[in-house]
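The values are calculated or read from the model by the stated rules, or taken from the named source; none is laboratory data. Not measured: the values here are computed from a predicted model. Backbone-built Cβ (ideal geometry, glycine too); neighbour counts: all protein chains shown. Heads up: the accessible areas ignore ligands, DNA and RNA and are worked out on the full protein's heavy atoms, side chains in. Shrake-Rupley method; radii C 1.70, N 1.55, O 1.52, S 1.80 Å.
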Amino acid sequence: MALLQIDNLTVEFETANGWFRAVDGVSISVDKGEVLAIVGESGSGKSVAMLAVMGLLPWTAKITADRMLFEGRDIQNIDPAERRKLIGKDIAMIFQEPIASLNPCFTVGFQIEEVLRIHLGLGKKERRARAIELFKLVGLPNPDERLSHFPHQMSGGQCQRVMIAIAIACNPKLLIADEPTTALDVTIQKQILDLLISLQAKTGMGLIMITHDMGVVAETADRVVVQYKGRKMEEADVLSLFENPKSNYTKALLAALPENATGDRLTTVSAFFDGTPEPAEAR
Amino acid sequence: MTDTLTKNTMLEVRNIKRDYELPGGLFKPKKTIHAVKGVSFSLERGKTLAIVGESGCGKSTLARMLTFIDEPTSGELYIDGDKIDTRPGHLTSEMRQKVQIVFQNPYGSLNPRQKIGDVLGEPLAINTGMSAAERRDRATEMLVKVGLGPEHYNRYPHMFSGGQRQRIAIARALMLNPKLLVLDEPVSALDLSVQAQVLNLLADLQDEFGLTYVFISHDLSVVRYIADEVMVMYFGEAVEYGTRDEVFSDPKHEYTRTLFKATPRADVESIRERIAKKKTASAA
């Protein structure tokens, strides 16, 4: 049984020009201990699909799916109170902007202990000990001192480490990382990716990496889903995706990488791909 | 020392420095931040110099000094054979016309209440005595050149996508026919497919107008593609400086090597290697 299984997910938003379909019939499944990358450009619906899983979309969004199962349990029509117990504990998420996703008014120690208090009901001393342990795990220096720091006193990379510590605080079964390294420098990006992958290997959780960076995909993923304009264009394991891409869109994306440049101009996506999404029937 | 200036040198920078003073408080002494600690380089006409480094290494401060937004604390700046007097009030409008800048974030660098036509016409209105009709013609012409259309003249920035906005920012920078264009991370906010289009546009414009680029980036794959020369900055110092092939094939400084190692590689061999490593790790 897959850890997370989504069949035929569609998300629509109402706009002045009628319903806009942000995600169009996407099916995704992740197994335990697997790293799945969802690649796509901005507007491809990759984040929206995952926000739908987390139940974080505004009520104006219309979400329909044939099935949305987490460990065989329906999470589409789940009771809000039940969902709150699940989210943040068994399914956790890391967002793109580390500094913006922490609350600037509270110390990072308070923010991580809040998770431990609500989901695990730990006592004050236990919480502190666990928080220090988590900070050590994500590689923050002087963890006990750090607990009383505010987000603005830390760098972007350190804030992202705090976010990861909060996300893994309750040993989640599934971690969704939404562009976790886009706002960071390359050297810090490497450290954060290494940290995520080593945590994933250690705990055996499922990991979904949402990204637009083919380099990040190549460095982390087991399996890849390529999305374009809300549709799934291709799904393949990472090696066959890079070696032998099936859909024209993936071919175009790979050709647009500067390192694959031939001659003195880059191949643009339009050279391969006319913009009409073709569904990924050919697996 | 002016003998090193050849006719072909577009830009020469000698031992340029920039300090920022942090004001002290009642119990806090004054502090000086050395953002750029003595950087020198020279760049030939029509070539591209890429400046690489992590955030806070002083690369954007250097860009601001090259475009006269910030005054250097010390050091000399030669552009197109002339020594630049960077003191406030001593800059002529011809000097300002020679150097233009494109900023990183196309969402932040365009005024949301200004129509595209006005964005493009403003540099002409300030720096030249062109009539409104002339300005309009020039702006429309430039829109076509950067791959947009005359119909975009009366639109507002919010009606454009990120890639289109970056084209507008590039068009604005080119309105005064500059010789040197400073590009501060021009593609890092863009999607991969759009990034390729903008990089191609920059290459086309360089060929057409003989532009010299100072290209600031943290993405080594982009740098490798676009640069003739590469400078790596680390904590305000240039730790590595040479032609692209020198720097990429034989990095001298420890930091450059760290940078290369940290860059994600998207070739099939390294994926294969990683998967093999993972298999042996899980088997053990």
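General remarks:
- Selection count where residues are in contact with a strand residue (DSSP E or B) (Cβ under 6 Å, 6 or more places away or on another chain) and of a type in the set (Asp, Glu), scope region A:1-34: 4
- Residues of region B:228-238 that are within 13 Å of chain A (Cβ to nearest Cβ) and either of a type outside the set (A, V, I, L, M, F, W, C) or touching a Leu at 6+ places or on another chain (Cβ under 6 Å) (or both): B:ASP228, B:TYR234.
- Enumeration of residues in region A:11-33 that are farther than 21 Å from A:ILE87 by Cα, assigned to a strand (DSSP E or B) and out of contact with any helix residue (DSSP H, G or I) (no Cβ under 8 Å at 6 or more places or on another chain): A:GLU12, A:PHE13, A:GLU14, A:THR15, A:GLY18, A:TRP19, A:PHE20, A:ARG21, A:ASP24, A:GLY25
- Residue list for region A:194-215, filter: crowded, with 22+ Cβ neighbours inside 10 Å and either away from chain B (no Cβ under 11 Å) or under 17 Å from A:VAL138 (Cβ atoms) (or both): A:LEU196, A:MET205, A:GLY206, A:LEU207, A:ILE208, A:MET209, A:ILE210
- When B:GLN104 is tested against (1) part of a helix (DSSP H, G or I); (2) open to solvent by 50 Å² or more (accessible area, probe 1.4 Å), only condition (1) is not met.
- When A:LEU86 is tested against (1) open to solvent by 40 Å² or more (accessible area, probe 1.4 Å); (2) free of Cβ contacts under 8 Å to residues at least 60 places away in the same chain; (3) out of contact with any Leu (no Cβ under 8 Å at 6 or more places or on another chain), only condition (1) is not met.
- If only residues of region B:239-259 that are open to solvent by 50 Å² or more (accessible area, probe 1.4 Å) and part of a helix (DSSP H, G or I) are counted, the one that is farthest from the other protein chains (Cβ to nearest Cβ) is B:GLU246.
- Number of residues in region B:186-227 that are farther than 19 Å from B:ARG45 by Cα, in contact (Cβ under 8 Å) with a residue 60 or more places away in the chain and either surrounded by fewer than 22 Cβ atoms within 10 Å (Cβ to Cβ) or more than 14 Å from chain A (Cβ to nearest Cβ) (or both) equals 2.
- Strands (runs of 3 or more DSSP E) wholly inside region A:34-118 containing at least 2 residues that are in contact with a Pro (Cβ under 7 Å, 6 or more places away or on another chain): A:91-94
- Lone qualifier among B:GLU44, B:GLU54 - being at pLDDT 90 or above and acidic (Asp, Glu): B:GLU44
- Test result for B:GLY117, within 14 Å of another protein chain (Cβ to nearest Cβ), in contact (Cβ under 8 Å) with a residue 24 or more places away in the chain and open to solvent by less than 50 Å² (accessible area, probe 1.4 Å): no
- Put simply, of A:LEU9, A:LEU51 the only residue that is surrounded by 14 or more Cβ atoms within 10 Å (Cβ to Cβ) and touching a residue at least 12 places away in the same chain (Cβ under 8 Å) is A:LEU9.
- Within region B:177-204, being modelled with pLDDT of 85 or more and in a loop (DSSP other than H, G, I, E, B) holds for B:ASN177, B:PRO178, B:LYS179, B:GLU185, B:PRO186, B:VAL187.
- Considering residues of region B:80-101 that are among the β-branched types (Val, Ile, Thr) and modelled with pLDDT under 90 only, the residue surrounded by the most Cβ atoms within 10 Å (Cβ to Cβ): B:ILE84
- Set A:GLY18, A:GLY40, A:GLY25, A:GLY45: member being small (Gly, Ala, Ser), over 18 Å from A:PRO180 (Cα atoms) and at pLDDT below 90: A:GLY18
- Index of the failed condition, B:VAL232 passing every other in (1) over 30 Å from B:SER42 (Cβ atoms); (2) touching a His at 6+ places or on another chain (Cβ under 8 Å): (1)
- Residue in region A:225-248 that is within 11 Å of another protein chain (Cβ to nearest Cβ), open to solvent by 20 Å² or more (accessible area, probe 1.4 Å) and in contact with a Pro (Cβ under 8 Å, 6 or more places away or on another chain) present: yes
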